[in-house]
Each structure stands twice: as C-alpha cells, then as structure tokens.
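Heads up: the structure comes next, in structure tokens.
The values are calculated or read from the model by the stated rules, or taken from the named source; none is laboratory data. Computed from a predicted model, the values in this text were never measured in an experiment. Neighbour counts are summed over all protein chains in view; Cβ atoms, including those assigned to glycine, are modelled from backbone coordinates with ideal geometry.
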Amino acid sequence: MPYKNNQSIPSSPSFKKITLSFVVVVIVLLVFIVYFSFAKATIIITLGSEQKTQTFDLTVSSTSTESDLAGRIITKEIEISQKFEVANFEEKTGVATGKIRIINNNNDSQQLIKTTRFLTPDNLLFRLKDNISIPAGKEIAAEIYADAEGAKYNIQPTKFTIPGLAKNLQEKIYGISDEPMAGGMKKIGVLTQADIDQAQKKFTGNLKQNIKTQLLLALAPGENISDSLIKYEIKEQNIKEKIGDQVENFTLTAKVLAQAVIVNEEQLLTTAKEKYKEQLTLSGTKQNIANWQTNSFVAEIKASDAIKNNAILSVSLTAEIGGSFDLKKFDKKEIAGFDKKGVEYYFSQFAGIKDLAIKFWPFWVRSVPAVSDKIIIEVK
C-alpha cells in the first residue's frame with residue numbers, strides 16, 4: 001500500500017489575500033453598481049416673489065432730454081410766523097375786539113363816529129373804535145370792541161346791525177365779521193424757556209407745510225409741489241417776547257430760504273420705473289416685475305443749481321419681482337456631489353425661489369449623484 005499522510009496541506013497566505021481582495025473589489029463594485037443604478041436626487045423648486053427696493057438718481061432740467069426730466073427750480077426767501085400760548089396761565093376777563101367790514105348799500109356816503117353801536121342778533125353790543133366814512137356802494141374795514149368785559153363776547157363771525165340808524169338805513173348799512181372776536185377772556189402767563197422749546201418743536205414740524213402753502217402761490221395752473229421735493233434752510237429765527245414776560249401768547253418768526261423742484265409727478269414715476277428696469281438688467285436679474293409698490297415711491301432733492309435751473313433727485317422705488325428659473329439653461333453638474341445644505345446654499349442665490357424641497361433615494365444616499373440623469377428638478 002502506498003504511504004498515506006493524514007496531515008492537511010496548509011493554504012498559502014498569499015492565496016488568502018488574493019481571495020479576500022477579490023471579494024472586497026466585488027463588493028465595492030456591487031455598491032457602485034447599486035449606487036449608480038438606484039441613487040437619485042429630486043429637487044422641487046417652488047417659485048414665489050420678493051420685494052426689491054432700488055435707489056438711483058434722476059436729473060431734472062429746464063429742457064427735457066433722453067436722460068433728463070423736464071422741470072424747474074423755485075428758490076424763494078420766505079418769512080413765516082406762528083402764534084403760541086404759554087403752558088401755565090391764568091384766565092382773566094377782558095374786552096373782546098375784532099375787525100368787521102362795514103357795508104354801505106345806500107346811494108349816499110355814511111359817516112360813523114367812534115363808539116357807534118353795533119349789535120349782534122343775540123343783542124351783544126360792540127362799539128366802533130374810530131371815526132370812519134363809508135362811500136356810497138362801498139365797504140370799509142374797521143375795528144370794534146365789546147361794550148363790556150367777558151368771554152361771552154368772544155363770538156363767531158356774524159352780521160351786525162347799527163341801531164343808531166333809521167330802520168330803513170339799517171337794512172342798507174350794516175357790519176359783517178369774517179373772523180371770531182377775541183379778548184373777552186385772556187390767558188395771561190409767564191413766558192418760560194420750556195414754552196419756547198415746545199413752540200420751536202411745533203414750529204419745525206409745521207414748517208414744510210407752511211413753506212409749501214406759500215410756494216404754491218408762485219405756481220402756474222396745473223403745477224403742483226411734492227412735499228419730498230422741498231428743501232429749506234432757516235436763516236434767522238426770533239421771538240419778540242422775552243423769557244419772564246407776562247403774555248397771553250407769543251409769536252415765533254423765521255426767515256427761510258426755500259427751494260422746490262417742480263416736475264410732472266406722473267412723468268417722474270414713469271421715468272423712475274424705466275430706470276428701475278434698467279438697473280435690474282445691469283444686475284443680471286430677469287425683468288419679471290409682478291407689481292409696482294408705488295406707495296413706497298420717494299423722490300428727494302440730492303443737489304440743485306438754481307442758476308442752471310437743474311437738480312439731481314435721489315429716488316427710491318420698490319417692486320415685487322416674480323420668481324423665475326430657466327430649467328433648460330441650468331447645468332445639473334453645478335450641484336453634483338452637494339449635500340442637502342450645499343444644495344440649499346447654491347439655490348439661495350436665485351431671487352424669487354420661495355421654497356426648496358430636496359429628496360435623496362435610497363435612504364443611504366446623502367449627496368447629489370454625479371450623473372445628470374439621476375438629478376430630477378421640478379419647478380412649481
């Protein structure tokens with residue numbers, strides 16, 4: 001019989017390594033095959049809109065050009081006065097006074113001496129301050145004062161009869177007041193620095209409107225002034241009364257150098273819209289304006305030249321920009337390999353994307369596949 005050796009022949013260590021390496025390579029290949037065969041990323045883009053504000057300059061000049069709006073500059077020195085009452089005062093009775101128009105519808109002139117009586121429909125008696133003569137068919141302004149002290153004489157505008165005249169003349173010659181009488185009850189107080197400070201605050205708050213009221217007098221029919229297109233400089237400000245004076249009221253007066261730009265407001269807004277669109281194009285944003293927020297439109301004087309009659313306006317306009325995303329031009333390779341945060345950050349640069357949903361499949365996939373066909377993008 002041949003010799004039989006029962007001891008097994010040991011395997012070669014190199015053969016085991018080769019076998020193990022082969023198995024690992026096969027597993028890795030299978031993983032890659034499964035990954036590239038099944039891995040998928042779905043990105044759902046929901047478009048919305050955003051409000052975008054742009055600020056830019058527009059030029060206004062006396063002659064309209066392609067780049068300039070037609071308009072003009074008004075420059076005027078204005079004196080504005082406003083009365084104020086002191087905060088702490090005592091009320092004291094006094095004699096009410098005021099102005100009336102004495103009308104003479106008679107064919108003859110009429111002489112009236114001072115202290116001539118004027119009677120209201122409520123039988124309140126006032127007297128003429130000075131001698132006057134009213135020509136036939138004319139009227140003349142005069143001052144009257146109450147026959148007694150008291151607040152009841154602080155009456156509203158009314159008609160006055162002259163009881164000293166004959167009945168037939170009373171219908172032809174009479175007085176009319178256009179403003180209330182005042183002084184029947186006086187408010188006497190001591191002027192303080194606090195009164196002045198408070199008055200200056202109110203005065204400044206009303207100043208632009210008071211300036212506008214006076215500038216409107218210089219406009220041609222159909223022209224208007226926007227509050228924001230008025231600027232001014234206070235050259236001088238004073239109060240005639242002094243701190244510590246006993247006064248019923250005090251007057252603050254200011255000399256102001258005012259300037260306004262007169263421009264057609266509709267044309268200004270139209271030009272601003274065109275400039276807004278131009279700015280969008282320059283910034284690379286698609287012109288998809290859903291709605292103009294005209295309530296936010298502001299135009300202010302940035303610089304002006306009264307001699308050359310031109311001005312530069314700083315304009316601010318807001319519009320609602322509708323979202324847009326051109327899927328056909330988008331290169332999906334731009335986001336290959338990005339994880340969820342990377343995808344979110346990448347799409348954050350696109351204006352108008354309201355929401356972004358990212359889904360990876362299968363569950364172990366954590367980044368966007370490198371193959372474009374495995375990247376699905378939906379736009380809503």
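Observations on the model:
- Hey, Lys152 touching a residue at least 40 places away in the same chain (Cβ under 8 Å), of a type in the set (Lys, Arg) and outside any loop (DSSP other than H, G, I, E, B) or not: no
- Flag for Ile173 being more than 38 Å from the chain's Cα centre (by Cα) and more than 30 Å from Asn106 (Cβ to Cβ): no
- Residues of the range 341-380 that are modelled with pLDDT of 85 or more, in a loop (DSSP other than H, G, I, E, B) and within 30 Å of Ile321 (Cβ to Cβ): Val368 alone.
- Among residues of the range 136-154, those that are under 12 Å from Lys99 (Cα atoms) and buried (at least 17 other Cβ atoms within 10 Å of the Cβ), counted: 4
- Taken as a whole, the condition of being in contact with a helix residue (DSSP H, G or I) (Cβ under 8 Å, 6 or more places away or on another chain) and farther than 30 Å from Glu266 by Cβ applies to Ile243.
- At least 1 residues being over 16 Å from Gln170 (Cβ atoms), at pLDDT 95 or above and under 51 Å from the mean Cα position of the chain (by Cα) is the threshold, and among the strands (runs of 3 or more DSSP E) wholly inside the range 91-146 those reaching it are 97-104, 139-146.
- Candidates in the range 62-87 are the residues that are assigned to a loop (DSSP other than H, G, I, E, B) and of a type outside the set (D, E, K, R); of these, the one that is nearest to Leu219 (Cα to Cα) is Ser62.
- Looking across the range 11-61 at every residue that is of a type in the set (D, E, K, R) and in a strand (DSSP E or B), the one that is modelled with the highest pLDDT is identified as Asp57.
- For Ala299, the criteria (1) modelled with pLDDT under 90; (2) outside the structural domain of Phe350 (by TED's automatic domain parsing); (3) aliphatic (A, V, I, L, M) hold in every case but one, which is (1).
- Filter pass, Leu257 being among the aliphatic types (A, V, I, L, M), touching a helix residue (DSSP H, G or I) at 6+ places or on another chain (Cβ under 7 Å) and either closer than 19 Å to Gln200 by Cβ or outside the structural domain of Thr192 (by TED's automatic domain parsing) (or both): no
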